[in-house]
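Worksheet: one structure, shown below.
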Amino acid sequence: MKLFKNIIAFAMLAQLAYAQTPFDLGGIKSYYPVVEISTNRVDTKYKNILLDMIKETSKEIGINTENFSSRSLAFLVSYISVDDMLALKLELLLGETMMRLDTKDKVFVISYMSGRIFVPEDEDDLIDNAQSMLENFANQYKEDNL
């Protein structure tokens, strides 16, 4: 019975401590949008579509993308081999230059990262997955900046 109570208490505690990702998006006011497609199997038209999606989502949540920033939000698109199939790998990364407190060196860090690997069944799969990832990013941004 005591084990059962401990499991229930742990489950409730875990639910209260739930976070979308281990990253913190608090205080971000601007970034530079980037799309890198590193495969010739994806039409280059998707670069502009994905850039527009980043800009639109950013505008909705109040992040400036108009000027150059040392911080970048990037979609990285590539194909990878999974067993005998080719799968599309889509990553959404927020990278920025930070200064280490101990050495005062400037280093490039990933301050947000989300990724998906999927086998596209039609042309809309890339856009649908990208939109879902941006929605998750926007939701976490809103939570972290309450």
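Hey, does the range 93-107 have a residue that's in contact (Cβ under 8 Å) with a residue 12 or more places away in the chain, in contact with a Leu (Cβ under 6 Å, 6 or more places away or on another chain) and either under 18 Å from Ile127 (Cα atoms) or among the polar types (S, T, N, Q) (or both)? No. Scan the range 33-48 and give yes if some residue there is touching a residue at least 24 places away in the same chain (Cβ under 8 Å), under 20 Å from Val107 (Cβ atoms) and either part of a strand (DSSP E or B) or more than 16 Å from the chain's Cα centre (by Cα) (or both), otherwise no. Yes, there is a match, as at least one residue in the range 33-48 is touching a residue at least 24 places away in the same chain (Cβ under 8 Å), under 20 Å from Val107 (Cβ atoms) and either part of a strand (DSSP E or B) or more than 16 Å from the chain's Cα centre (by Cα) (or both).
Could you say which residue among Ile54, Ile127, Ile110 is exposed (fewer than 15 other Cβ atoms within 10 Å of the Cβ), in contact with a Phe, Trp or Tyr (Cβ under 9 Å, 6 or more places away or on another chain) and assigned to a helix (DSSP H, G or I)? Only one candidate qualifies: Ile127.
From the residues in the range 7-32 that are at pLDDT 55 or above and assigned to a helix (DSSP H, G or I), which one is farthest from Glu143 (Cα to Cα)? Taking the candidates together, the pick is Ile7. Per this entry, Ser70 is counted among residues that are assigned to a loop (DSSP other than H, G, I, E, B), free of Cβ contacts under 8 Å to residues at least 40 places away in the same chain and hydroxyl-bearing (Ser, Thr, Tyr).
Residues of the range 108-139 that are in contact (Cβ under 8 Å) with a residue 40 or more places away in the chain and β-branched (Val, Ile, Thr): Ile127 alone. Scanning the range 108-146 for residues being out of contact with any strand residue (DSSP E or B) (no Cβ under 8 Å at 6 or more places or on another chain) and of a type in the set (A, V, I, L, M) gives a total of 3. When we screen Asp52, Asp84 for residues that are more than 16 Å from Asn136 (Cβ to Cβ), modelled with pLDDT of 95 or more and over 14 Å from the mean Cα position of the chain (by Cα), the only hit is Asp52.
The values are calculated or read from the model by the stated rules, or taken from the named source; none is laboratory data. Keep in mind that this is a model prediction, so the values were computed, not measured. Neighbour counts run over all protein chains shown; Cβ positions are idealised from the backbone, glycine included.
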